[in-house]
Amino acid sequence: MTDVSALFQPLTIRGVTIPNRIAMAPMTRSFSPNGVPGQNVADYYARRAAADVGLLITEGTVTDRKGASNDPNVPRFHGADALAGWAKVVEDVHAQGGKIAPQIWHQGMMRKPGTGHYPDAPTDSPSGLTHTGKSVLPAPTTEEVWDMVQAYARAAGDAAKLGFDAIEIHGAHGYLIDEFFWDVMNTRTDRYGGSLPERATFAAEIVAECRKQVGPDMPIILRFSQWKQQDYTIKLAHTPQELEAFLAPIVAAGVDMLHCSQRRVWEAEFPDVDGENGLNCAGWTKKVTGVPTITVGSIGLSSDFAGSFRGEGSAKAPLDDVVRRLEKGEYDMVAIGRALLQDPEWAKKVKEGRTDDLMDYDGKALATLY
């Protein structure tokens, strides 16, 4: 049996102590009619807080830019009704001893015109270009981009007022911030365009403006990915040196933790540098930036995975390897997505050695909010 005690050690980030190293990864649920999270959403998060999840990162919740969402059932992070719903979520999670961060989100060009909370609103983008470089919208002015930055900051300020413990900024997976990173979609010639580090200016300004709103004591997490929903094979940075240069402006802006999304945590990020068993994305990110990281990607989705740390053979991403790398300090937290979506007691079962109770992930769980 793998010793999982490293997963259940506290971690302090900017003065906030998270009770253990397991985070719930953000997962879109679409159970908030007109963008307002109800008691069912509060119960969903509170159940996991009560069952040994150290940090709950909410599903993506959108800024007050009216074109931020493609689904009216995705939660908003603006408006008195939605913020009151989030206040109840925070209250119920804290009652269970949990820590919680909202993921602040804008879908950018992933949102199709005519959809979302405000169907008539225009869609935001870096340059009005699709992921194939096709021009479909006017490029926003510098002033319009600055308001996109401020929309994240306004949401961050509201999160602080509501008593959230941290915030996460969604900069991954082909959504708005990630579109600014992507040279095909960002052809700007002002301060938001240029080389990859220059294209990180948008994210860096968001971090800096969020810090002004949340104050000195609230951790700011930024999630990024190399892959996109439009292209799983693409990489922003092809070498550790490029990764370091890309993230440098974001680190300089004051981000406290980087949430490194990859499709499979067991895959080496730069195998040409350190081999097929080398550091993953979170490992390399921490190495080149010195910033604490969260690793995430397909952990705990199959019985093969569970069996591997009961000594029943090998599997991709066995828990003993995840824990070993955590113990070595390659990364600082482990985020669990779909396995926790299906089973709110996943972390508790791991902690108690109840591996026989772990189940294969079933996509039908997406239809529930248990």
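The values are calculated or read from the model by the stated rules, or taken from the named source; none is laboratory data. Note that the structure is a prediction, hence the values are computed from the model and not measured. Neighbour counts are summed over all protein chains in view; Cβ atoms, including those assigned to glycine, are modelled from backbone coordinates with ideal geometry. Areas reflect the complete protein model, heavy atoms only, side chains present, ligands, DNA and RNA absent. Shrake-Rupley method; radii C 1.70, N 1.55, O 1.52, S 1.80 Å.
This table checks each residue for (1) touching a Phe, Trp or Tyr at 6+ places or on another chain (Cβ under 8 Å); (2) open to solvent by 50 Å² or more (accessible area, probe 1.4 Å); (3) modelled with pLDDT under 95.
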{"residue": "THR132", "(1), (2), (3)": "no, yes, yes"}
{"residue": "THR141", "(1), (2), (3)": "no, yes, no"}
{"residue": "GLU144", "(1), (2), (3)": "no, yes, no"}
{"residue": "GLY157", "(1), (2), (3)": "no, no, no"}
{"residue": "PHE202", "(1), (2), (3)": "yes, no, no"}
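If only residues of segment 217-234 that are charged (D, E, K, R) and part of a strand (DSSP E or B) are counted, the one that is modelled with the lowest pLDDT is ASP231. Scan segment 10-25 for residues that are touching a helix residue (DSSP H, G or I) at 6+ places or on another chain (Cβ under 9 Å) and in a loop (DSSP other than H, G, I, E, B) and jot them down. Correct list: PRO19, ASN20, ARG21, ALA25. Would it be correct to say that VAL207 is open to solvent by less than 10 Å² (accessible area, probe 1.4 Å), out of contact with any Leu (no Cβ under 9 Å at 6 or more places or on another chain) and assigned to a helix (DSSP H, G or I)? So VAL207 does not fit the description; no. Residues that are part of a loop (DSSP other than H, G, I, E, B), at pLDDT 90 or above and crowded, with 16+ Cβ neighbours inside 10 Å within segment 338-368 comprise ASP343, PRO344, GLU345, listed in sequence order. Kindly evaluate PRO26 against the criterion of being under 22 Å from ILE336 (Cα atoms), in contact with a His (Cβ under 8 Å, 6 or more places away or on another chain), touching a residue at least 12 places away in the same chain (Cβ under 8 Å) and open to solvent by 10 Å² or more (accessible area, probe 1.4 Å). Yes: the conditions hold for PRO26.
Out of VAL214, VAL184, which single residue is on the phi < 0 side of the Ramachandran plot, in contact with a helix residue (DSSP H, G or I) (Cβ under 6 Å, 6 or more places away or on another chain) and open to solvent by 10 Å² or more (accessible area, probe 1.4 Å)? Only one candidate qualifies: VAL214. Applying the criterion of being in contact (Cβ under 8 Å) with a residue 60 or more places away in the chain and of a type in the set (Lys, Arg) to the residues of segment 47-91, the residue that is most open to solvent (accessible area, probe 1.4 Å) is ARG47.
Taking the options ALA237, ALA268, name whichever one is at pLDDT below 95 and either open to solvent by 50 Å² or more (accessible area, probe 1.4 Å) or in a loop (DSSP other than H, G, I, E, B) (or both). ALA268 is the lone residue from the list that is at pLDDT below 95 and either open to solvent by 50 Å² or more (accessible area, probe 1.4 Å) or in a loop (DSSP other than H, G, I, E, B) (or both). For segment 326-336, the count of residues that are assigned to a loop (DSSP other than H, G, I, E, B) and either at pLDDT below 90 or among the hydroxyl-bearing types (Ser, Thr, Tyr) (or both) is at least one. May I ask you to list the residues in segment 191-200 that are of a type outside the set (Gly, Ala, Ser) and open to solvent by 10 Å² or more (accessible area, probe 1.4 Å)? ARG191, LEU196, PRO197, GLU198, ARG199 - these are the residues of segment 191-200 that are of a type outside the set (Gly, Ala, Ser) and open to solvent by 10 Å² or more (accessible area, probe 1.4 Å).
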